[in-house]
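The values are calculated or read from the model by the stated rules, or taken from the named source; none is laboratory data. Predicted, not measured: the structure shown is a model, and the values here were computed from it. Cβ placement follows ideal geometry from the backbone for every residue including glycine, while neighbour counts extend to all protein chains displayed.
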Amino acid sequence: MLQDVQIRPIEPGDAPRLAAGIGQLSAQSVRRRFLAAKPSLSRAELRYLTEVDGSDHIALVAVVGDELVAVARCVRLEPGGDVAEFEIVVGDPCQRQGIGTALAAALADAACRVGIRRFAATTLADNDAVQRLMDTFAARLEHQAQAGGVRELVAELPDCQAGRLAA
């Protein structure tokens with residue numbers, strides 16, 4: 001399936017597909033992505049998630065045919081800062097096929113181009129999948145505070161460290 005995947009920036013026209021994709025996620029995938037139950041996205045949320053500036057808020061999608069199967073995004077914690085919150089969700093049928101890894105690497109590359117050097121992620125403590133994913137692209141992955149069933153991860157982006165982007 002990975003050979004059929006197109007990775008590209010999210011567009012405002014992706015809002016209906018994003019809403020449909022979130023609605024098709026399993027309860028476990030929703031919980032891992034939103035840290036709680038989230039039955040649907042509001043219009044304001046869809047606008048925020050699809051109308052991004054490509055600098056302080058970057059979002060990439062993985063598309064197979066006409067179906068949006070995964071989304072990865074980063075949002076700077078401070079305008080112009082070098083740390084961004086990292087988020088990713090891959091549709092249940094497409095998990096464990098390399099799509100998340102490819103999408104996260106593309107996002108890290110895009111983030112480096114605009115001066116983002118580290119990704120921070122707040123995850124459920126039992127979400128080992130996101131930790132394994134971040135390990136695939138991080139030069140160094142730090143485990144920070146863990147309390148109340150969540151943990152904080154901070155990944156240094158390796159290509160940014162070297163001052164160049166991956167080929």
Handout entry: Selected residue (only one of Ala105, Ala110 is farther than 21 Å from Leu77 by Cβ and surrounded by fewer than 22 Cβ atoms within 10 Å (Cβ to Cβ))
Key = Ala105
Fill in the blank from the handout: Note on region 70-126: residues touching a Cys at 6+ places or on another chain (Cβ under 9 Å) and in a loop (DSSP other than H, G, I, E, B) are Asp82, Gly115, Ile116, Arg117
Exercise for the section: Identify, from the list Asp109, Asp126, Asp92, the residue that is acidic (Asp, Glu) and in contact with an Asp or Glu (Cβ under 9 Å, 6 or more places away or on another chain). Expected result: Asp109
Problem - Any pair with Cβ under 7 angstrom, 6 or more apart, that starts in region 72-99 at a residue that is surrounded by fewer than 22 Cβ atoms within 10 Å (Cβ to Cβ) and ends at one that is part of a loop (DSSP other than H, G, I, E, B) and small (Gly, Ala, Ser) - result: Asp82/Gly115; Asp92/Ser26
Handout entry: Count of residues meeting criterion [modelled with pLDDT under 85 and assigned to a loop (DSSP other than H, G, I, E, B)] in region 152-167
Key = 6
Handout entry: Any hit, region 12-23, residues being modelled with pLDDT of 90 or more and crowded, with 20+ Cβ neighbours inside 10 Å
Key = yes
Completion exercise
Picked from region 136-151 (must be part of a strand (DSSP E or B) and of a type in the set (Gly, Ala, Ser)), the residue modelled with the lowest pLDDT is Ala145
Exercise for the section: Mind listing whichever residues of region 24-49 are among the polar types (S, T, N, Q), part of a helix (DSSP H, G or I) and either more than 16 Å from the chain's Cα centre (by Cα) or modelled with pLDDT of 90 or more (or both)? Expected result: Gln24, Gln28
